[in-house]
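The values are calculated or read from the model by the stated rules, or taken from the named source; none is laboratory data. Just so it is clear, the model here is predicted, and its values are computed rather than measured. Cβ placement follows ideal geometry from the backbone for every residue including glycine, while neighbour counts extend to all protein chains displayed. Heads up: the accessible areas ignore ligands, DNA and RNA and are worked out on the full protein's heavy atoms, side chains in. Shrake-Rupley method; radii C 1.70, N 1.55, O 1.52, S 1.80 Å.
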Amino acid sequence: MTAELSPIDKAKYAAARRSVDFVENGMKLGLGTGSTAAWMVRCLAERIRNDGLKVTTVATSKRTADLARDLGVPVMALDDVRWLDLTIDGTDEFDPNLNLIKGGGAALLQEKIVATASDRMVVIADAAKEVAQLGAFPLPVEVIPFGWQTTKALIEETLFSLDVLNREVKVRLNRGKPLKTDGGNYILDLHLKRIGNPRQLALVLNQIPGVVENGLFIDICDIVVIGNGDGRVTVRDINSGRVEDTTVDLAQSANIFADLGE
Ligand code: 5RP
């Protein structure tokens with residue numbers, strides 16, 4: 001069954017599988033968005049079914065909430081839970097300080113709110129997401145639809161005073177129209193190629209009228225779980241400096257691959 005998955009999917013699965021070891025009975029959990037996070041939701045559902053694990057969760061998108069509920073994972077509103085023990089989410093890039101670019105799945109706003117409302121954030125990624133410096137992946141910025149062209153022009157102007165390599169800004173489209181996020185906003189993708197000072201960029205972007213939030217997650221992630229296509233997994237904890245290598249047995253996971261939802 002595992003032969004049907006690409007090496008990248010196996011890597012995502014391996015990271016997701018290892019990440020649910022961080023979940024303890026009674027925890028309040030944030031569930032991320034994207035293909036890696038979807039694997040994590042499946043692994044969590046398996047633990048709920050097989051081990052009788054009891055958790056309360058908050059989803060970072062409608063997509064994730066639908067998947068979780070379909071698999072029997074209880075989902076609540078953040079306003080009813082308020083504070084979370086742990087959020088597990090994917091990423092588009094992570095650097096050596098575990099700063100991230102997120103929002104490839106257009107869920108960055110809820111993802112940042114949920115991660116910030118959590119005691120700990122664990123990021124799950126395939127090894128290709130690791131970069132020496134952020135910026136090869138276009139930086140998503142969520143903007144209000146009202147006057148978005150003006151907001152775009154302001155962002156372009158602001159980028160001239162910042163340490164980035166490229167300054168192209170494109171609205172993200174869905175069937176020829178600006179894609180709408182769960183919050184009803186648009187996404188502008190900033191093609192910067194290299195971000196010299198992510199902390200400064202994150203602060204400056206959020207001061208531009210019309211910008212709701214940007215996809216830079218600075219000092220939010222605590223642990224990264226990096227998966228490889230052969231099942232090897234590295235866990236890196238930025239606070240303790242600990243690094244741990246393990247292996248996920250992909251052959252023993254055939255049952256979870258059997259009911260692929262995506
Ligand atoms: C969604 C995100 C995702 O976590 C990110 O795009 C990674 O996705 P995937 O796990 O599918 O590679 O930020 O907004």
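Please name which of 158, 200, 185 has its Cα lying farthest along the dipole of region 139-213 towards the positive end, using unit charges on Cβ (Lys, Arg +1; Asp, Glu -1) and the Cα centre as origin.
185
In whole percent, how big is the carbon plus sulfur part of the accessible area of the chain, probe 1.4 Å, protein atoms only?
Working: 5860 of 11840 Å².
About 49 percent, which is the carbon plus sulfur part of the accessible surface.
What residues qualify as long-range amide H neighbours of residue 248, i.e. H under 5 Å apart, gap of 5 or more or another chain, H built at 1.01 Å from N?
232, 233
When the Cα centres of region 191-216 and region 1-54 are compared, how far apart do they sit, in Å?
Using only Cα atoms, the two centres lie 31 Å from each other.
Per DSSP H run of at least 4 residues, take -39500 (n - 2.57); add these up for the chain, divide by its residues and hand me the 222 nm value, nearest 500 deg cm²/dmol.
Working: 8 runs with 77 residues, N = 262.
Result for the chain: -8500 deg cm²/dmol, rounded to the nearest 500.
Springs between alpha-carbon atoms under 10 Å, Gaussian network over the chain: tell me which of 92, 51, 189 tops the mean-square fluctuations.
Looking only at 92, 51, 189, the biggest GNM fluctuation is shown by 51.
In percent, how large is the relative contact order of the chain, given Cα pairs closer than 8 Å and 6 or more residues apart? Mind showing how you got there, number by number?
On the way: 576 pairs, mean separation 61.9, N = 262.
Relative contact order of the chain: 24 percent.
Can you flag which of 28/152; 12/54; 28/170; 112/170; 129/180; 54/102 are past 32 Å Cα-Cα? Walk me through the intermediate numbers first.
Values: 28/152 37 Å; 12/54 24 Å; 28/170 37 Å; 112/170 22 Å; 129/180 25 Å; 54/102 29 Å.
Violating the 32 Å Cα-Cα cut-off are 28/152; 28/170.
I'd like to check one number: the per residue accessible area of region 188-235, probe 1.4 Å, reported in Å² as a whole number.
Working: 1760 Å² over 48 residues.
Result: 37 Å² per residue.
How large is the direction-averaged shadow of the alpha-carbon convex hull of region 139-213, in nm²? List each step's numbers first, then the result.
Numbers: hull surface 18.9 nm².
The number I arrive at for region 139-213 is 4.7 nm².
Give me the distance in nm between label points sitting 7 Å out from Cα along the Cα-to-Cβ direction at residue 146 and residue 128, one decimal.
Rounded to a tenth, the inter-label distance reads 4.1 nm.
Rounded to whole Hz and in sequence order, give me ³J(HN,Hα) for region 217-227 from the Karplus expression 6.51 cos²θ - 1.76 cosθ + 1.60, θ = phi - 60°, writing x for Gly and Pro.
9, 9, 6, 9, 7, 9, 9, 10, 10, 9, x
May I ask you to rank 62, 129 by accessible area, largest first, using a 1.4 Å probe over the protein chains only? Write out the running numbers ahead of the final one.
Numbers: 62 125, 129 35 Å².
The most accessible residue leads, giving 62, 129.
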